[in-house]
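The values are calculated or read from the model by the stated rules, or taken from the named source; none is laboratory data. On a predicted model such as this, the values are computed, not experimentally measured, just so you know. Cβ coordinates were reconstructed from backbone atoms using ideal geometry, including for glycine residues, and neighbour counts include every protein chain displayed. Just so you know, the surface numbers come from the protein's heavy atoms only, side chains and all, with ligands and any DNA or RNA stripped out. Shrake-Rupley method; radii C 1.70, N 1.55, O 1.52, S 1.80 Å.
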Amino acid sequence: MKHSVLQSQLKSIKMRQRKNGSSIKHPNLSDAEAKPQKKSPYSSKDVFLTCLGFRMLNALLIQTYFNPDEHWQALEVAHRIAFGYGHLTWEWEEGIRSYLHPMMFALFYKLLALLRLDTPCVMIKAPRLLQSIFSAVGDLYLYKLSFALFGDGVAKWALFSQLANWFMFFCFNRTFSNSLETTLTLVGLYYWPSVRSSLNKAPSGSRKWGLALAALACAIRPTSAVTWVYVGLLELYSTHDRLRFIFVELIPIGSVVLGITCLLDRLMYDSWVLVPLNFLKFNFLSSGGDYYGTHKWHWYFTQGFTVMVFTFLPFCVAGIIKSKYWKLSGLILWVLGLYSILGHKEFRNSASSVNCRFVLPVLPISLIFAGYSLAALEERGSRNGEKKRSSCICNKWPSRKQLAIFFLLASNIPMALYMNLIHQRGAEDAMNYLSKEAAKGKVKSIVFLMPCHATPYYSTLHNNLPMRFLDCAPSKGMPAESDRFMMDPVSFAVDFAKNWSRPSHIVLFDSEERHLKDFLVSHSFREVRRFFHAHFKVDRDLQASVVVYAMTDS
């Protein structure tokens with residue numbers, strides 16, 4: 001009897017709390033998010049297929065050259081593994097790169113060759129189409145992570161932000177190791193319990209999956225440890241079974257992934273190479289990465305990451321403030337802060353001044369907060385709409401949400417299309433042209449009189465012809481070939497021609513062509529094709545076009 005009386009009293013207290021708006025809820029989440037998690041109205045399959053279709057279209061629209069690593073540190077290495085020819089840059093001689101990432105594309109190349117589909121057109125398009133599958137997985141898990149944290153209202157707008165952001169459209173489908181790292185980060189964060197609130201617990205045993213994915217991301221890119229140290233410290237702080245976490249999960253899983261990676265690298269390097277250690281020595285202990293350019297400490301905050309987020313920035317900031325979900329916003333600040341301490345930010349000798357792909361893994365996290373902000377606008381708009389319907393039959397003015405969407409699309413779509421279809425496309429067009437000419441037997445050998453790694457190489461040409469580019473490996477004291485050429489193109493070309501086996505084709509930028517016109521004519525070369533490259537200069541003088549010269553008697 002007493003028990004039933006107590007139950008009725010508790011019910012009446014809860015009813016009064018609800019009426020007074022004082023029901024207990026998570027301090028960082030809205031009313032809708034504090035409710036028990038509902039199932040998503042969209043199945044994972046539907047979300048994935050939608051994203052896959054979008055990313056495949058995205059892959060086909062990429063016609064431009066962004067950064068050499070897309071080709072030279074992934075596809076070029078994979079082409080060498082699969083077909084026996086391709087250039088390995090100095091990083092592979094130093095043992096600071098793992099074969100884990102290129103191996104995926106090497107297996108894909110082998111499959112294409114087995115099916116006799118390794119034509120010039122397929123070799124150009126297929127790698128980015130393969131990458132689109134990984135990108136779609138990243139999109140799916142951004143949706144799932146957002147749903148797990150904030151519910152469907154935020155998840156759908158977070159996915160919209162991811163698909164609409166110009167830099168994700170520009171970079172995510174390129175064959176960088178950073179792109180795969182970003183996907184692994186999104187999938188891994190979904191499985192880490194420490195990232196979630198106490199109301200939205202991760203599935204049982206998911207931490208092991210999170211650890212495996214984190215280890216894999218670090219194996220592909222050792223700098224991914226910056227992200228996972230933060231997440232691991234969160235987990236160490238929040239978990240009650242710290243010893244189990246460290247000795248039963250972290251060390252065994254990390255050792256297995258590291259062991260598999262080391263075995264693969266042992267097979268490919270033909271000697272024992274510990275890539276993470278070599279990477280640490282070169283980039284951090286000896287500051288070797290600074291050779292490729294440095295910026296001031298605030299560059300990521302004031303320029304780099306700001307350009308990546310672009311017009312989503314105010315929505316990201318508003319979402320961080322409104323959600324008060326400091327775990328994820330703290331991760332963004334942690335990653336940007338640590339990378340800001342490092343001098344090397346990939347600018348010098350790069351193909352684009354907006355090359356901040358190192359922090360690409362935290363861009364989707366920022367876009368989750370943009371989705372939170374847009375969802376808040378939608379919620380406010382629906383509430384205001386219900387009030388106005390009673391007094392006004394029709395509202396001619398667009399809502400705040402509609403204005404926000406229009407603003408974001410109007411600013412990001414032109415940027416995405418310009419950067420993917422127009423800016424710096426000459427490097428890709430020239431190599432696409434040469435690959436087709438080589439397939440017809442019209443190209444015998446090629447020399448690139450231009451800054452090093454300014455175009456794709458054997459992975460696009462897909463023909464075992466002699467090719468020569470100007471080296472730019474880090475050197476102490478004496479300037480590299482590429483630097484000497486840029487300082488005095490004519491003198492360098494004259495000395496270079498004394499020892500060359502004269503090529504059938506020469507490729508160069510119009511900015512150097514002006515100086516070398518007489519040299520080219522005197523050596524019996526004539527212009528055969530000119531490809532538009534860029535409207536404005538990036539980190540050097542304006543390189544408006546890429547020009548292909550051929551021997552007159554070839």
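Structural remarks
- The set of residues from the range 468-510 being hydroxyl-bearing (Ser, Thr, Tyr) and open to solvent by less than 70 Å² (accessible area, probe 1.4 Å) comprises Ser475, Ser482, Ser491, Ser504.
- Residue within the range 443-460 that is without any contact (Cβ under 8 Å) to a residue 40 or more places away in the chain and either assigned by the TED database to the domain that holds Arg526 or not acidic (Asp, Glu) (or both) present: no
- Counting only helices (runs of 4 or more DSSP H) that fall entirely inside the range 466-554 and contain at least 3 residues that are in the same structural domain as Gly441 (by the TED database) and of a type in the set (D, E, K, R), the qualifying elements are 481-487, 510-522.
- Subset of the range 439-458 [part of a helix (DSSP H, G or I) and surrounded by fewer than 21 Cβ atoms within 10 Å (Cβ to Cβ)]: Ala439
- Filter result (within 16 Å of Thr175 (Cβ to Cβ), over 21 Å from the mean Cα position of the chain (by Cα) and without any contact (Cβ under 8 Å) to a residue 60 or more places away in the chain) within the range 73-99: Ala82
- Any chance Asn173 is outside any helix (DSSP H, G or I) and modelled with pLDDT of 95 or more: yes
- Subset of the range 264-273 that is free of Cβ contacts under 8 Å to residues at least 40 places away in the same chain and in a loop (DSSP other than H, G, I, E, B) - its residue that is nearest to Ile81 (Cα to Cα): Asp270
- Qualifying positions in the range 176-211 - of a type in the set (S, T, N, Q), open to solvent by less than 40 Å² (accessible area, probe 1.4 Å) and part of a loop (DSSP other than H, G, I, E, B): Ser197, Asn200
- Residues located in the range 60-78, provided they are open to solvent by 10 Å² or more (accessible area, probe 1.4 Å), part of a helix (DSSP H, G or I) and either in contact with a Leu (Cβ under 7 Å, 6 or more places away or on another chain) or polar (S, T, N, Q) (or both): Leu61, Gln73
- Taking each residue of the range 244-263 that is assigned by the TED database to the domain that holds Gly205 and looking for partners that are surrounded by fewer than 18 Cβ atoms within 10 Å (Cβ to Cβ) and among the hydroxyl-bearing types (Ser, Thr, Tyr) with beta-carbon atoms closer than 9 Å, six or more apart or interchain, yields Phe245/Thr239.
- Leading residue by the ranking (least open to solvent (accessible area, probe 1.4 Å)) among those in the range 512-547 that are small (Gly, Ala, Ser) and out of contact with any helix residue (DSSP H, G or I) (no Cβ under 9 Å at 6 or more places or on another chain): Ser524
- Residue count, the range 338-386 (criterion: at pLDDT below 55 and over 26 Å from His453 (Cα atoms)): 1
- Within the range 87-112, the set of residues being open to solvent by 10 Å² or more (accessible area, probe 1.4 Å) and over 21 Å from Phe279 (Cβ atoms) comprises Leu107, Phe108, Lys110, Leu111, Leu112.
- Within the range 23-46, the presence of a residue that is buried (at least 21 other Cβ atoms within 10 Å of the Cβ), modelled with pLDDT of 95 or more and not in a loop (DSSP other than H, G, I, E, B) is excluded.
- Checking each residue of the range 277-294 against the condition of being in contact with a strand residue (DSSP E or B) (Cβ under 7 Å, 6 or more places away or on another chain), modelled with pLDDT under 95, among the β-branched types (Val, Ile, Thr) and under 30 Å from Gln162 (Cα atoms) gives at least one match.
- The set of residues from the range 47-59 being surrounded by 14 or more Cβ atoms within 10 Å (Cβ to Cβ) and either farther than 18 Å from Lys144 by Cα or modelled with pLDDT under 95 (or both) comprises Met56, Asn58, Ala59.
- Count of the range 405-435 residues which are open to solvent by less than 30 Å² (accessible area, probe 1.4 Å) and over 18 Å from Phe532 (Cβ atoms): 5
- Matching option when the condition is surrounded by fewer than 24 Cβ atoms within 10 Å (Cβ to Cβ), of a type outside the set (Asp, Glu) and within 28 Å of Tyr99 (Cβ to Cβ), among Leu216, Leu236, Leu243: Leu216
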